[in-house]
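The values are calculated or read from the model by the stated rules, or taken from the named source; none is laboratory data. Since we're looking at a predicted model, the values are computed, not measured. Virtual Cβ from ideal backbone geometry, glycine too; neighbours counted across all protein chains shown.
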Amino acid sequence: MPVQIIVGAQWGDEGKGKIVDHLSENVDIVARYQGGANAGHTVILPPVGGKTPQQFILHLIPSGIFHRHAVCVIGNGVVLDPVALMDEIHKLRDAGVSVEGRLLISHNAHLIMPYHKMLDAIHEKGDQKIGTTGRGIGPSYIDKYTRTGIRVVDLLDRDVLCRKLKRNLEHTNELLKKMYDSKELDVERIVAEYQEFDRSIDGYVTDTVDYLHRALAKKKRVLAEGAQGALLDVDHGTYPYVTSSNPTSGGACTGLGIPPTAVNSIVGVVKAYSTRVGNGPFPTELLDTTGDRLRTVGGEFGSTTGRPRRCGWLDLASLSYSIRVNGIQRLAITKLDVLDDFDEIRVCTGYVIAGTMVSRFPTDVQTLEKAKPVYKSFRGWKEKTSDVRRFRDLPPRAQAYVRAVERLLHTNVWMVSVGARRDQTLAVPRG
Ligand code: GDP
Ligand code: IMO
Ligand code: MG
């Protein structure tokens, strides 16, 4: 198994952290390929010495970090926030998890600078509010693509860093003064802070592309961890209500520098219903007590910002699209247990748009906003599933729900998750 890619198949928060942690037991390297600290990947660690299970929310460090044999890579496609990274490293250290010798950071990853977060907030004041996480993601990728970005490698040379910062702040300072009526950002202070950061991460920075290629030549098993989800992809999602990177599987190749030919498995993580944080079309959204119930039972509040997530039924039309765009071969369905107590469970199989039945997911928001979902209904199983450990022991109606999703999507379901903990993961036999 050379490279396995784990992608979110919906609008993010599908439970990628849990699934990556689970799969990390059997891989050598776990690598994040895009996004930044906008991600919030939750991992629940088994209790140590009779204590309660510990929850960790990772924003930048790959979710394989709790498996001590695994090397974790932050790839060139990631936008790296020094504040978030150091905070995460310290939290892990406090919990007895050392990243020493196990964390590698691409020298070509772009940095999030203080002004990126300020610019993110300014963009959100405009008339097209995306509902971003405010982590400076869009502005950092803007600099990357206008070729003015500052990369990890630039921290090595004080003069290069000063020159690039001065150039970037020439325009930014004017805008910041206008919008915030604030003092100019001080180049010297930023340089000092980022050089201090450079000293802290010195031992982790390397040419990760070269490292991964050498590891692959030695037949090491690599797991590429996507952040966000396919429907938030800047090219294939519900643009402009998307993030600024490519969470889809293609992004793993560019974001890690590995060729498509090295990839042999693509797994899509899917929540048993749908959620979305931030703005943008969401055809199956439930703005009623059923939606509220999904939010309460599922604990649907953002791992990064704490915002309530919008909730709705599973949307198979969007999932079919996601499966095609990503080349997903197997699905991991999470949060099945959240549906335990519902009398009726629905899945959307297509839409009515301007009076016409459509099964294809339209990605232009103008059309998508008009889409009225068409549902197929299932009777709920009304039994607790969180203690079940084998697929065949799930209530028959829960099994039937999973098998119906599999059939309707023409894609195998590989595993089902019935709780946030590691042991609440069931292998699904071929149907
Ligand atoms: P990610 O961004 O895709 O990694 O997902 P998040 O961590 O943002 O959100 C998923 C949430 O669901 C977290 O709070 C997880 O602990 C939790 N979770 C994951 N799998 C399950 C599951 O099968 N059942 C339940 N009840 N919670 C789950
Ligand atoms: P994980 O990896 C869910 C959403 C934001 C907003 C849009 C753009 O935990 O699944 P950005 O800050 O990226 O410019 O915001 O994308 N968003 C996410 N939603 N899960 C995430 O990550 C997200 N990362 C960004 O809410 O709508
Ligand atoms: Mg998340």
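State all residues of the range 387-396 that are surrounded by fewer than 15 Cβ atoms within 10 Å (Cβ to Cβ) and not acidic (Asp, Glu); if no residue qualifies, say none.
Across the range 387-396, the qualifying residues are Arg389, Arg390, Arg392, Pro396.
From (1) modelled with pLDDT of 95 or more; (2) touching a strand residue (DSSP E or B) at 6+ places or on another chain (Cβ under 9 Å), pick out the condition that doesn't hold for Lys164.
Unmet condition: (2).
Taking the conditions exactly as written (more than 18 Å from Arg276 (Cβ to Cβ) and either modelled with pLDDT of 95 or more or more than 16 Å from ligand 1 (Cβ to nearest atom) (or both)), does Asp233 satisfy them or not?
For Asp233, the condition - more than 18 Å from Arg276 (Cβ to Cβ) and either modelled with pLDDT of 95 or more or more than 16 Å from ligand 1 (Cβ to nearest atom) (or both) - is not met.
Name the single residue, out of those in the range 44-64 being more than 11 Å from ligand 3 (Cβ to nearest atom) and part of a strand (DSSP E or B), that is farthest from Val3 (Cα to Cα).
This residue is Gln54.
Output the residue which, of all residues in the range 259-305 that are within 11 Å of ligand 1 (Cβ to nearest atom) and without any contact (Cβ under 8 Å) to a residue 12 or more places away in the chain, is farthest from Asp341 (Cα to Cα).
The qualifying residue farthest from Asp341 (Cα to Cα) is Phe301.
Return the residues of the range 308-331 that are without any contact (Cβ under 8 Å) to a residue 40 or more places away in the chain and within 16 Å of ligand 2 (Cβ to nearest atom); say none if nothing qualifies.
If the condition is that a residue be without any contact (Cβ under 8 Å) to a residue 40 or more places away in the chain and within 16 Å of ligand 2 (Cβ to nearest atom), then Pro308, Arg310, Cys311, Gly312 are the ones that fit.
Assess whether Thr248 counts as being assigned by TED's automatic domain parsing to the domain that holds Arg324, within 13 Å of the chain's Cα centre (by Cα), among the β-branched types (Val, Ile, Thr) and closer than 15 Å to Tyr321 by Cβ.
So Thr248 passes the test.
Step by step: first the residues of the range 357-390, then only those that are among the small types (Gly, Ala, Ser) and touching a helix residue (DSSP H, G or I) at 6+ places or on another chain (Cβ under 8 Å), then the one that is modelled with the lowest pLDDT. Which residue is that?
It comes out as Ser359.
Quick one: count up the residues across the range 1-56 that are polar (S, T, N, Q), touching a Gly at 6+ places or on another chain (Cβ under 9 Å) and under 18 Å from Gly299 (Cβ atoms).
The number of residues fulfilling the criteria is 2.
Mind listing whichever residues of the range 274-304 are assigned to a loop (DSSP other than H, G, I, E, B), farther than 20 Å from His41 by Cβ and touching a Phe, Trp or Tyr at 6+ places or on another chain (Cβ under 8 Å)?
Asn279, Gly280, Pro281, Phe282, Pro283, Thr284, Leu286 - these are the residues of the range 274-304 that are assigned to a loop (DSSP other than H, G, I, E, B), farther than 20 Å from His41 by Cβ and touching a Phe, Trp or Tyr at 6+ places or on another chain (Cβ under 8 Å).
Looking for something within 16 Å of ligand 2 (Cβ to nearest atom), of a type outside the set (S, T, N, Q) and touching a residue at least 12 places away in the same chain (Cβ under 8 Å) - is there at least one such residue anywhere in the range 353-368?
Yes, the range 353-368 has at least one match.
Would you please list the contacts, defined by Cβ atoms under 9 Å and residues six or more apart or on different chains, that run from a residue in the range 115-128 that is at pLDDT 90 or above to a residue that is surrounded by fewer than 17 Cβ atoms within 10 Å (Cβ to Cβ) and of a type in the set (S, T, N, Q)?
The qualifying pairs are Met118/Ser182.
Among (1) within 14 Å of ligand 1 (Cβ to nearest atom); (2) surrounded by fewer than 24 Cβ atoms within 10 Å (Cβ to Cβ); (3) not small (Gly, Ala, Ser), where does Pro82 come up short?
Against the list (1) within 14 Å of ligand 1 (Cβ to nearest atom); (2) surrounded by fewer than 24 Cβ atoms within 10 Å (Cβ to Cβ); (3) not small (Gly, Ala, Ser), Pro82 comes up short only on (1).
Condition (residue is modelled with pLDDT of 95 or more, outside the structural domain of Val152 (by TED's automatic domain parsing), in contact with a Pro (Cβ under 6 Å, 6 or more places away or on another chain) and more than 25 Å from Asn173 (Cα to Cα)) applied to the range 89-107: is it met by at least one residue?
No, the range 89-107 contains no residue that is modelled with pLDDT of 95 or more, outside the structural domain of Val152 (by TED's automatic domain parsing), in contact with a Pro (Cβ under 6 Å, 6 or more places away or on another chain) and more than 25 Å from Asn173 (Cα to Cα).
Show the residue pairs that are 6+ apart or on different chains and have beta-carbon atoms under 6 Å apart, the first residue being within the range 241-255 and farther than 22 Å from Pro281 by Cβ, the second being among the β-branched types (Val, Ile, Thr) and crowded, with 24+ Cβ neighbours inside 10 Å.
Filtered contacts from the range 241-255: Ser249/Ile5; Ser249/Val7; Ala252/Ile5.
When you scan the range 231-246, do you find a residue that is polar (S, T, N, Q), out of contact with any Ser or Thr (no Cβ under 9 Å at 6 or more places or on another chain) and within 16 Å of ligand 3 (Cβ to nearest atom), even just one?
yes
Going through the range 224-278 one residue at a time, which ones are of a type in the set (S, T, N, Q) and farther than 30 Å from Thr385 by Cβ?
Hits for the range 224-278 are Thr238, Thr243, Ser244, Ser245, Asn246, Thr248, Thr254, Thr261, Asn264.
How many residues does the range 49-65 hold that are surrounded by fewer than 23 Cβ atoms within 10 Å (Cβ to Cβ), more than 12 Å from ligand 2 (Cβ to nearest atom) and hydrophobic (A, V, I, L, M, F, W, C)?
Qualifying residue count for the region: 1.
Report the residue count in the range 4-48 for those that are of a type in the set (Gly, Ala, Ser), under 12 Å from the mean Cα position of the chain (by Cα) and either buried (at least 24 other Cβ atoms within 10 Å of the Cβ) or farther than 20 Å from Ala272 by Cα (or both).
Total meeting the criteria: 8.
Tell me which of these Glu100 doesn't satisfy, since it passes every other one: (1) free of Cβ contacts under 8 Å to residues at least 24 places away in the same chain; (2) assigned to a loop (DSSP other than H, G, I, E, B).
The one condition Glu100 does not meet is (1).
Answer yes or no: is there a residue in the range 25-34 that is on the phi > 0 side of the Ramachandran plot, within 16 Å of ligand 2 (Cβ to nearest atom) and in a loop (DSSP other than H, G, I, E, B).
no
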